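The values are calculated or read from the model by the stated rules, or taken from the named source; none is laboratory data. What you see is a predicted model, and the numbers here were worked out from it, not measured in a lab. Here the Cβ positions follow ideal geometry from the backbone for every residue, glycine too, while neighbour counts run over all protein chains shown.
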Amino acid sequence: MKTWAIVLLLLLSPVLYAQQSVPEIPFDSQPNFLKLPPDLHMGEASGVAVNSKGHIFVYSRGNSTGPAYAATASQILEFGPDGKYIREIGKNLYAWSFAHTVRVDREDNLWAVDKGSDMVIKFNPEGRVVMVFGRKKEASDDGAEAWTRVNPPRPPVDGQFRQPTDVTWDPQGNIFISDGYINSRVAKFDKNGDWIKSFGVPGRTAPGRTQHAAQHRGRCQRQHLCGGSGQSPHSGVRFQRHLPAHDHDRCSGSRRCETMDGRPTDS
């Protein structure tokens, strides 16, 4: 009986330790904080960003227009620090298709990554378009339709994106865009928007992993531009102070790190 008690204690100890070691994060809940006009409705929020003035930008899959499937669903709404609605940014923009990520840089420029149009848009603080990355398929093109995933993934094309997912910058202002669902790479531009290079290659399927899971591995570009399998870098692209790059794999829990010039390094 004593032996069984010891075994049971050993089995439960990690669970009890994990429960005790999880910090409690205090927060205040404020329902209905964002105040929308009567004729405006929030869609599925794919991203939220805050600038230096405390203004809140919500990238929503609202304002849906078109057919039931493959409709346009992309809209940026700005709110004040008190949650009061201020304006819509980029209304009826050509780049809008399917919202994915919104970011604010250190100069309070707003960046929107649209997965559906394969485009990344930079707005200045006044809400005007100042940079455009990528290009969506033209409606008049023969066979124009959404990208499909293939295995192995398609090779990347310089300057072109296939369902991009996120954007970040280094201290020098260089721009890094995770081109994640189809191309499985990171694209680098200089601060003026000129193309520099592409790095990152698709990873391999781990033994015993299903094909479905393999197609969705590595979809979180985490702190330091770090990656998991590199199968489809996703969101959360960030840099650490010593600036190597790695991306967290939310399916396998692994990550792969790369230096600023794309060379593999230890995590």
Original post:
Scanning for something at pLDDT 90 or above and surrounded by 12 or more Cβ atoms within 10 Å (Cβ to Cβ), does the range 20-34 turn up at least one residue?
Top reply: yes
Original post:
Is there a residue being on the phi > 0 side of the Ramachandran plot and in contact with a strand residue (DSSP E or B) (Cβ under 8 Å, 6 or more places away or on another chain) anywhere in the range 102-118?
Top reply: yes
Original post:
So residue 68 fits all but one of (1) farther than 20 Å from residue 165 by Cα; (2) among the hydrophobic types (A, V, I, L, M, F, W, C); (3) in contact with an Asp or Glu (Cβ under 9 Å, 6 or more places away or on another chain); (4) assigned to a loop (DSSP other than H, G, I, E, B); what number is the exception?
Top reply: (3)
Original post:
Can residue 142 be described as closer than 24 Å to residue 50 by Cβ and among the acidic types (Asp, Glu)?
Top reply: no
**OP:** From the list 95, 99, 112, 144, pick out the single residue that is outside the structural domain of residue 54 (by TED's automatic domain parsing) and hydrophobic (A, V, I, L, M, F, W, C).
**Re:** 144
Original post:
Does residue 193 qualify as being touching a residue at least 60 places away in the same chain (Cβ under 8 Å), part of a loop (DSSP other than H, G, I, E, B) and either of a type in the set (Gly, Ala, Ser) or buried (at least 21 other Cβ atoms within 10 Å of the Cβ) (or both)?
Top reply: yes
Subject >> Residue count, the range 145-183 (criterion: among the aliphatic types (A, V, I, L, M) and under 18 Å from residue 194 (Cβ atoms)) >> reply: 4
Original post:
When only residues in the range 156-171 that are of a type in the set (Val, Ile, Thr) and surrounded by 15 or more Cβ atoms within 10 Å (Cβ to Cβ) count, which is farthest from the chain's Cα centre (by Cα)?
Top reply: 168
Original post:
What about residue 101, is it closer than 21 Å to residue 53 by Cβ and among the polar types (S, T, N, Q)?
Top reply: yes
